[in-house]
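Q: Please read through the structure below; I'll follow up with questions.
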Amino acid sequence: TEDCCKKLYTMRQVQKSGYTYMENLKQEAIRVISELPETANIDDIMYELYVVDKIKKGKDAIDHGESISTEELKKEMQAW
């Protein structure tokens, strides 16, 4: 419970600073959905959100050095 309380306190401090990951995520989802045509169905919405999530995760991976060069990828593909 002590760890849980620490995490909750930290989350509150982040929220007080005016930024939370979930709020940012929610705003991004709303933006993506609002840019879709009025005729978009649930599959369209889910696909767009899926693509945005994958792009964000890819950028985060690159920022954390969790990627490989084009040359390394070519070598891996040749082994397939």
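Coordinate-derived values only; no laboratory data. Only a predicted model underlies this, so the values are computations on that prediction, with no experimental measurement involved.
Q: Tell me, what ³J(HN,Hα) does each residue in region 60-76 have, in order and in whole Hz, if you take phi through Karplus 6.51 cos²θ - 1.76 cosθ + 1.60 with θ = phi - 60° and put x for Gly and Pro?
A: 4, 4, 5, 4, 9, x, 9, 9, 10, 6, 4, 5, 5, 5, 4, 4, 5
Q: Calculate one ³J(HN,Hα) per residue across region 52-57 by plugging θ = phi - 60° into the Karplus curve 6.51 cos²θ - 1.76 cosθ + 1.60, and present them in order as whole Hz with x for glycine and proline.
A: 4, 4, 5, 5, 4, 5
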